[in-house]
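J.: Pasting a structure here, questions to come.
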Number of protein chains: 4
Amino acid sequence: MRKIRLGMVGGGKDAFIGAVHRKAALMDGQIELAAGALSSTKEKALASGRELGLPDDRNYATWEEMLESEVSLPEEERIELISIVTPNHLHFPVASAFVDAGFHVVLDKPMVHTSTEARELIRLVEKTGIIFAVTYNYIGYPMVRQARHMVRRGVLGEIRKVIVEYNQGWLASKVEESGNKQAAWRTDPEKSGISGAVGDIGSHAENLVSTITGLEVSELCADLESFVPGRLLDDDANLLIRYEGGAKGVLIASQVSTGEENALSIRVYGTEGSLKWSQETPNLLVFKPIEAPLQVLTRGSNYLCEEAKKATRLPPGHPEGFIEAFANIYASVAAAIRVRRGEMDPDGSLWNFPTVYDGARGVHFIEKTVESSRSDKKWLNARWK
Amino acid sequence: MRKIRLGMVGGGKDAFIGAVHRKAALMDGQIELAAGALSSTKEKALASGRELGLPDDRNYATWEEMLESEVSLPEEERIELISIVTPNHLHFPVASAFVDAGFHVVLDKPMVHTSTEARELIRLVEKTGIIFAVTYNYIGYPMVRQARHMVRRGVLGEIRKVIVEYNQGWLASKVEESGNKQAAWRTDPEKSGISGAVGDIGSHAENLVSTITGLEVSELCADLESFVPGRLLDDDANLLIRYEGGAKGVLIASQVSTGEENALSIRVYGTEGSLKWSQETPNLLVFKPIEAPLQVLTRGSNYLCEEAKKATRLPPGHPEGFIEAFANIYASVAAAIRVRRGEMDPDGSLWNFPTVYDGARGVHFIEKTVESSRSDKKWLNARWK
Amino acid sequence: MRKIRLGMVGGGKDAFIGAVHRKAALMDGQIELAAGALSSTKEKALASGRELGLPDDRNYATWEEMLESEVSLPEEERIELISIVTPNHLHFPVASAFVDAGFHVVLDKPMVHTSTEARELIRLVEKTGIIFAVTYNYIGYPMVRQARHMVRRGVLGEIRKVIVEYNQGWLASKVEESGNKQAAWRTDPEKSGISGAVGDIGSHAENLVSTITGLEVSELCADLESFVPGRLLDDDANLLIRYEGGAKGVLIASQVSTGEENALSIRVYGTEGSLKWSQETPNLLVFKPIEAPLQVLTRGSNYLCEEAKKATRLPPGHPEGFIEAFANIYASVAAAIRVRRGEMDPDGSLWNFPTVYDGARGVHFIEKTVESSRSDKKWLNARWK
Amino acid sequence: MRKIRLGMVGGGKDAFIGAVHRKAALMDGQIELAAGALSSTKEKALASGRELGLPDDRNYATWEEMLESEVSLPEEERIELISIVTPNHLHFPVASAFVDAGFHVVLDKPMVHTSTEARELIRLVEKTGIIFAVTYNYIGYPMVRQARHMVRRGVLGEIRKVIVEYNQGWLASKVEESGNKQAAWRTDPEKSGISGAVGDIGSHAENLVSTITGLEVSELCADLESFVPGRLLDDDANLLIRYEGGAKGVLIASQVSTGEENALSIRVYGTEGSLKWSQETPNLLVFKPIEAPLQVLTRGSNYLCEEAKKATRLPPGHPEGFIEAFANIYASVAAAIRVRRGEMDPDGSLWNFPTVYDGARGVHFIEKTVESSRSDKKWLNARWK
């Protein structure tokens, strides 16, 4: 079995998410890191590549150089898949160039800055037919897949209400001014886009609701705030949401909720019961049926659905975490590539990752949330397509 | 030490909250049940009184009869304190009559149906100078008092955000039509008032925020829903709130959140840390300081504030619950009465119960929430006074 | 309905458990405190009684005086039930005197100091036929009753293993020398008996196992320790247990487990699943069936057994605690007395409290544990009867 | 940076722990799988290697063949590190051969079958000076390292008591007879050794105590059981332990505790406070100081010790799990190899894995536990060395 050859743009030293992408990609022994342009600073890019053991001739100083060079390599040598893990403002130029050149792409979220860019990226993906994933990584968790399975099969009855939260506290003070590079670009509109909290984490929350329930936003009412004095982007967001079909929602996202670490959670209430999943205890899914005891379903158990079982590497009680969930996105992309290679039969249950459409819906959600927050009108039409 | 003589209106057989009031009042051996008009149905009233061991001559068929009879008794025999635990629509007539006659009163929440009634009750209480408590009982929990102490002393820094939730699932189907009397009156506008979920439980949530933080609502934006077909009052409520001074809030109250029991919880986020308290695990208070480990404070511990310690009957690890918290309201009222009797010195830390002003603010909150829900305007001015 | 007239021996000011007994007895409005000899110090006894509102003529200086006086009162006035809440060394003389005089008795645990005394008390109880309860109070919790129901009905299959723990940390330093009266008598062999940790809390653990599972100890192997220098009684105990029929057990009891509050818990493992109950979260019972999701059963739920439902005062989500569980022992005793009075029909499910035989088995367990700890032999025959 | 070349013995298809070793080794991009003899069945070995992308000339049918072939390769090509992940009975022959040939070794636990073998392996490791790790993997968890740091620095005061448990339920019925290969060899004395539960999981528990506290067993008293009829090895073990210096211990290990998944936990009680860590929620460490609120320390936090921080890949709130902890063992071994290569300076905090002495102590513990269980004597001297 030939490994899939991965190239990476961004993710050099000090980057958080680049290292996660690499560990996730490498963990299962199916993908190898073959090339990279790992930083926007040439020296840092090259030093990072050397540290990771990239051969000098494929350790590029810029992504443009990598693109030019790799397309000229023979097919069986050149990278097949590119991971784009730069700050947001580079997502569109890098992704559109690599998509256009026919590489499969894994792109960090939020996909791009504007719906215009999103539509262009959709056009390119549809034109080239490449495999394109956006790392709304939380749906890689097996128990999220179990939740989706249960909601979609009607175990909860008709869905009435969804409460989704993504609470962090790391930006509660002005750390962007004291050398925290993650904070610096995330609070800079040039690099991060029109929103801070909603763009960085609120869009994860939106995607989680959409993935599990399939509900589509019809209207929303947002209240964004920049609590830290002098910060240009929102660091706190609270939304009331109305979904098509009558369900109601509350979405809370905050980067100034002191004491919170990475508290993404979702509660889905239906007529027959409810589900709760929390990212910080991801191996559990709480199911509360009406008129019966609360149940705690655990990852790895025999009674779970096939999609949850296939997304699992370990027996119950052996905790899996963030990297494993991330690795499930890569495993799905790798499976899709193997199908293209003709090495595997198509298997729907493996082909399981957020697409360019999820990415575009996320961008739309960010735009509508910011628009609502600035409006005096209570309800803003936020239908996507 | 003479016991305090209690009369009760409402709370006969099948009533939930009446029995709680009695157990709470009796637990500490300071109060005795001396008279009652325990139901609006004469036979049921008398049977309930007999079962509780009331003497025949003080087991009344109606509250009017009780009022008339008790005022004619010698002061050292007649009841001193009256508990009103009827459905909401009787709160105003019964309370105003007993207040006017000079009895001390414990009244269930929401206090009355309208702000007009609330103002009248305030007038009567101020005129007569009687002791008047509204059973926003959750502030009777010792760890709520500890939370108040910490927030008020600035342990959390400046408060930025409050998330309060009160989730129940018991009205997720139309149980009001299948013999559930609690459900029947609570979903009946005649008896319950203009709101269901907000009136019954949302106002508890509002009071909890106000008690702990002292924050005052400036504007709110509400989305109420009646999910169960044919139900006349809201059974689900989601609010965005802006407080005076710039803090933001989210308030969620629901009676259709399947699987939830009595899930009242509050999270308060300040610049220096956050607190979380959940009614279903009331003996704990979670404190998350920035840059230090999360702490779990436990009821009964030596390190708590005086108010929390005084509200405690047992050492740590011996769980106290709902009735004990309720009993703390009665204990505070009893202490206030003893001060009036001249048996105790005034002690601020004991005189610790929600007043007629808390009750009036709660009524105002319900009215404004309903008004906002019907409005197209995003933000409704909801300042009280 | 005439209230049941209660007398109390011990439980004056500063006593912990006496106040619990009173609150538990009074809570439901069925029992009234009619007489007391509340301390071994005359002045303190009388002052305590005055504070509790006892009439002077039934506020006794000594228990002997109370016994003599009460037996001479007319039957409809004299106390019917006596609560004995003194330090352990007075249990036998007081209980045997009151039993012999025909009073019903609620006696704190451990019942008496020796098996010889236990046999004599059994003889007296059998002779007089009075109602006699020992406050192994933890079985008053509704979810303990549910656990018993499930185990006895075979829901767990055949029981293989029981792990019971009772961990406290309050005696981790020599607090008995710094004015802590609870600590002083509990670490004094004259007052406490031959064991500290095992007598005070280990016997609760033994009773909990026996109550829930019905398993009978066949052999045990104990390791007792006095960790605090100079302490005369054990403050830490670890036991391996073999039960009749082949089940194995571990029993851990400690008063020096720093940071622990009142951490009594039990885990029962059968061939078909397991149960876990923890006293500090008493409203929950965790059931882990094989090959199915873990379940959390909650107090007050409709799906519980009758005995659990009858022992409940509040709906789910409204926490009940230690006093309510204690009150269930009193409620069962009260029901038994009402049956004797002819006011109620016998109802097995209410007549539900630890008896003189439970008390005697507890004393036997303490003796055998101490004997084992001093022995070089691995397994000590510890069968009771 | 050249990757470290790994060979693997065992771990073919259907093996659980082999895949864990591979993912752990690969995750950080420092190690590459270069050769393997992945099964004792030739066809399965070769098929497994092909699936993993091993080149044909280094995909060996037997470990003897791999050893012979690899030693003949030039140093810069041949494997440097060998992972031995076979059933236990092959540990000694394979490990001693590879050690003797000068390869670095990662060996699964329990290290070997007998103390005689353990001594021989120590002799070989000391003679060759190779790097040798035993995968008592749980000490790879960052919060275990934090616990060790706190205990060793005296944060808990003097240690009095340790309760360690390792509860599983997967062998509660006779699954070894229904095609479960993991169960089949683990319950077979030929392959597993003289003990089932103690060998497989009890020795992990022993290692965890030793690692965190440094306490040395002086005497123990064990009760082993084979609950499942016809099973030849113990599936349940309960031990009382006395440590040098006076601390007491309880060790519980079970494979028949129905409903339990992989419930390894440890509680350490000192004079100044206690710690609790549970493998199923590995990102947390609970610290209960006396006279202060309970603390929950979380992985990734700035306030942790250096060793805990270095063992972490992600910020707080992004859960790490079993594989990451396992990967920390490999990362430490890889660092040690790099030091040997001269690529890194020695850094004690990285060189952090269980050694051949830990492995030998574990074998001794298993032997003494079995011996004690068969003895009538209460306390068996179990000192190691």
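The values are calculated or read from the model by the stated rules, or taken from the named source; none is laboratory data. Since this is a predicted model, take the numbers as computed values, not measurements. Neighbour counts are summed over all protein chains in view; Cβ atoms, including those assigned to glycine, are modelled from backbone coordinates with ideal geometry.
J.: Exactly one of these conditions fails for C:Ser278: (1) surrounded by fewer than 23 Cβ atoms within 10 Å (Cβ to Cβ); (2) over 25 Å from C:Asp200 (Cα atoms). Give me its number.
T.: (2)
J.: So, of the residues in the stretch B:278-302 that are among the hydroxyl-bearing types (Ser, Thr, Tyr) and under 15 Å from B:Arg267 (Cβ atoms), which turns out to be nearest to the chain's Cα centre (by Cα)? Talk me through it step by step, then tell me what you get.
T.: Of the residues in the stretch B:278-302, the ones among the hydroxyl-bearing types (Ser, Thr, Tyr) are B:278, B:281, B:298, B:301.
Checking the rest, the ones that are also under 15 Å from B:Arg267 (Cβ atoms) come to B:278, B:281.
Numbers: B:Ser278: 16, B:Thr281: 18 Å.
Looking at residues that are among the hydroxyl-bearing types (Ser, Thr, Tyr) and under 15 Å from B:Arg267 (Cβ atoms), I get B:Ser278.
J.: Only one of (1) modelled with pLDDT of 95 or more; (2) in a loop (DSSP other than H, G, I, E, B); (3) among the acidic types (Asp, Glu) is not met by B:Glu75, so which one is it?
T.: The failed condition is (1).
J.: Here's another thing I want to ask about it. With respect to the numbered conditions (1) surrounded by fewer than 22 Cβ atoms within 10 Å (Cβ to Cβ); (2) part of a helix (DSSP H, G or I); (3) of a type in the set (S, T, N, Q), which one is the sole condition not fulfilled by A:Ser48?
T.: (1)
Residues are listed down the side, and each one gets a yes or a no for (1) of a type in the set (S, T, N, Q); (2) surrounded by fewer than 16 Cβ atoms within 10 Å (Cβ to Cβ); (3) within 14 Å of chain B (Cβ to nearest Cβ):
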{"residue": "A:Leu171", "(1), (2), (3)": "no, no, yes"}
{"residue": "A:Glu177", "(1), (2), (3)": "no, yes, no"}
{"residue": "A:Ala184", "(1), (2), (3)": "no, no, no"}
{"residue": "A:Gly230", "(1), (2), (3)": "no, yes, no"}
{"residue": "A:Asp235", "(1), (2), (3)": "no, no, yes"}
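J.: So, one more: Is it the case, given these coordinates, that C:Met143 is closer than 28 Å to C:Thr298 by Cβ, in contact with a Lys or Arg (Cβ under 6 Å, 6 or more places away or on another chain) and assigned to a helix (DSSP H, G or I)? Break it down stepwise before answering.
T.: Working: closer than 28 Å to C:Thr298 by Cβ: yes; in contact with a Lys or Arg (Cβ under 6 Å, 6 or more places away or on another chain): yes; assigned to a helix (DSSP H, G or I): yes.
Yes, satisfied.
J.: Name the single residue, out of those in the stretch C:258-272 being facing chain D (nearest Cβ under 7 Å) and assigned to a strand (DSSP E or B), that is surrounded by the most Cβ atoms within 10 Å (Cβ to Cβ).
T.: This residue is C:Tyr269.
J.: Which of (1) within 14 Å of chain D (Cβ to nearest Cβ); (2) free of Cβ contacts under 8 Å to residues at least 24 places away in the same chain is the odd one out, the single condition A:Gln30 does not satisfy?
T.: (2)
J.: What number of residues within the stretch A:278-315 are aliphatic (A, V, I, L, M), facing another protein chain (nearest Cβ under 7 Å) and in a loop (DSSP other than H, G, I, E, B)?
T.: First, the residues of the stretch A:278-315 that are aliphatic (A, V, I, L, M): A:284-286, A:290, A:292, A:294, A:296-297, A:304, A:308, A:311, A:314.
Filter once more, so that each one left must be facing another protein chain (nearest Cβ under 7 Å): A:290, A:292, A:294, A:296-297, A:314.
Filter once more, keeping what is in a loop (DSSP other than H, G, I, E, B): A:290, A:292, A:314.
The number of residues fulfilling the criteria is 3.
J.: Are any residues in the stretch C:237-253 within 7 Å of chain D (Cβ to nearest Cβ) and either of a type in the set (A, V, I, L, M) or in contact (Cβ under 8 Å) with a residue 60 or more places away in the chain (or both), and if so, which ones?
T.: We begin by selecting, within the stretch C:237-253, every residue within 7 Å of chain D (Cβ to nearest Cβ); these are C:238, C:240, C:248, C:250, C:252.
Those that are within 7 Å of chain D (Cβ to nearest Cβ) and either of a type in the set (A, V, I, L, M) or in contact (Cβ under 8 Å) with a residue 60 or more places away in the chain (or both): C:Leu240, C:Lys248, C:Val250, C:Ile252.
J.: Identify, from the list B:Gly53, B:Gly36, the residue that is modelled with pLDDT under 95 and either in a strand (DSSP E or B) or within 14 Å of chain C (Cβ to nearest Cβ) (or both).
T.: Values: B:Gly36 fails: modelled with pLDDT under 95.
Of B:Gly53, B:Gly36, the one residue that is modelled with pLDDT under 95 and either in a strand (DSSP E or B) or within 14 Å of chain C (Cβ to nearest Cβ) (or both) is B:Gly53.
J.: Another question, if that's okay. Name the residue that is farthest from D:Asp236 (Cα to Cα), counting only residues in the stretch D:146-182 that are part of a strand (DSSP E or B) and not aliphatic (A, V, I, L, M). Show your work before the answer.
T.: In the first step, residues of the stretch D:146-182 are kept if they are part of a strand (DSSP E or B); the result is D:159-167.
Okay, now just the ones that are also not aliphatic (A, V, I, L, M), so D:160-161, D:165-167.
Working: D:Arg160: 25, D:Lys161: 22, D:Glu165: 11, D:Tyr166: 10, D:Asn167: 9 Å.
Step by step, filter the stretch D:146-182, then rank; the result is D:Arg160.
J.: Go through the stretch C:96-112 residue by residue and tally those that are outside any strand (DSSP E or B) and more than 12 Å from C:Ala360 (Cβ to Cβ). Break it down into steps so the answer makes sense when it comes.
T.: Of the stretch C:96-112, the ones outside any strand (DSSP E or B) are C:96-103, C:108-112.
With the extra rule that they be more than 12 Å from C:Ala360 (Cβ to Cβ), the set shrinks to C:96-103, C:108.
Total satisfying the criteria: 9.
J.: Can you tell me which residues in the stretch C:331-375 are part of a loop (DSSP other than H, G, I, E, B), modelled with pLDDT under 95 and within 14 Å of another protein chain (Cβ to nearest Cβ)?
T.: Correct list: C:Glu343, C:Met344.
J.: Identify the residue in the stretch B:190-225 that is within 18 Å of B:Asn238 (Cβ to Cβ) and among the hydroxyl-bearing types (Ser, Thr, Tyr) and, among all such residues, is surrounded by the most Cβ atoms within 10 Å (Cβ to Cβ).
T.: Ranking the candidates gives B:Ser203 first.
J.: Suppose the filter is hydrophobic (A, V, I, L, M, F, W, C), within 17 Å of B:Ala19 (Cα to Cα) and in the same structural domain as C:Asn238 (by TED's automatic domain parsing); does C:Ala311 pass it?
T.: Numbers: hydrophobic (A, V, I, L, M, F, W, C): yes; within 17 Å of B:Ala19 (Cα to Cα): yes; in the same structural domain as C:Asn238 (by TED's automatic domain parsing): yes.
In short, yes.
J.: With more than 30 Å from A:Glu260 (Cα to Cα) and in contact with a Lys or Arg (Cβ under 7 Å, 6 or more places away or on another chain) as the only criterion, which of D:Thr271, D:Thr355 stands out? Give the derivation first.
T.: Details: D:Thr355 fails: in contact with a Lys or Arg (Cβ under 7 Å, 6 or more places away or on another chain).
One residue alone meets the criteria, D:Thr271.
J.: Quick check: anything in the stretch A:213-228 away from chain B (no Cβ under 14 Å), in contact (Cβ under 8 Å) with a residue 40 or more places away in the chain and among the polar types (S, T, N, Q)?
T.: yes
J.: OK, next. Counting just the residues of the stretch B:56-108 that are within 14 Å of chain C (Cβ to nearest Cβ) and more than 22 Å from B:Ser332 (Cβ to Cβ), which one comes out nearest to the chain's Cα centre (by Cα)? Walk me through it before giving the result.
T.: Quick first cut of the stretch B:56-108, residues within 14 Å of chain C (Cβ to nearest Cβ) only: B:56, B:59, B:83.
Restricting the remaining residues to those that are more than 22 Å from B:Ser332 (Cβ to Cβ) gives B:56, B:59.
Details: B:Asp56: 31, B:Asn59: 26 Å.
Restricting to residues being within 14 Å of chain C (Cβ to nearest Cβ) and more than 22 Å from B:Ser332 (Cβ to Cβ), the top hit is B:Asn59.
J.: Report, by residue number, each residue of the stretch A:231-242 that is within 22 Å of the chain's Cα centre (by Cα) and either outside any loop (DSSP other than H, G, I, E, B) or among the aromatic types (Phe, Trp, Tyr) (or both). Full working, then the answer.
T.: Here is the first cut: in the stretch A:231-242, the ones within 22 Å of the chain's Cα centre (by Cα) are A:233-239, A:241.
Selection gives A:Asp236, A:Ala237, A:Asn238, A:Leu239, A:Ile241.
J.: Let me ask you something else. Specify which of the listed residues (B:Leu275, B:Leu251) is in a strand (DSSP E or B) and assigned by TED's automatic domain parsing to the domain that holds B:Ile212. So that I can check it myself, show each step before the final result.
T.: Details: B:Leu275 fails: assigned by TED's automatic domain parsing to the domain that holds B:Ile212.
Within the list B:Leu275, B:Leu251, the selection yields B:Leu251.
J.: Let me ask something else about it. Within the stretch A:6-17, can you find the residues that are surrounded by fewer than 23 Cβ atoms within 10 Å (Cβ to Cβ), within 19 Å of the chain's Cα centre (by Cα) and either more than 13 Å from chain D (Cβ to nearest Cβ) or not in a loop (DSSP other than H, G, I, E, B) (or both)?
T.: Applying the first criterion (surrounded by fewer than 23 Cβ atoms within 10 Å (Cβ to Cβ)) to the stretch A:6-17 yields A:13-17.
The next check asks that each one be within 19 Å of the chain's Cα centre (by Cα); those that pass are A:15-17.
The answer is A:Ile17, and nothing else.
J.: Let me ask you something else. On the given criteria, is A:Ala133 in a strand (DSSP E or B) and either closer than 20 Å to A:Tyr330 by Cα or not assigned by TED's automatic domain parsing to the domain that holds A:Thr298 (or both)? Quick ask: steps written out before the conclusion?
T.: On the way: in a strand (DSSP E or B): yes; either closer than 20 Å to A:Tyr330 by Cα or not assigned by TED's automatic domain parsing to the domain that holds A:Thr298 (or both): yes.
Yes.
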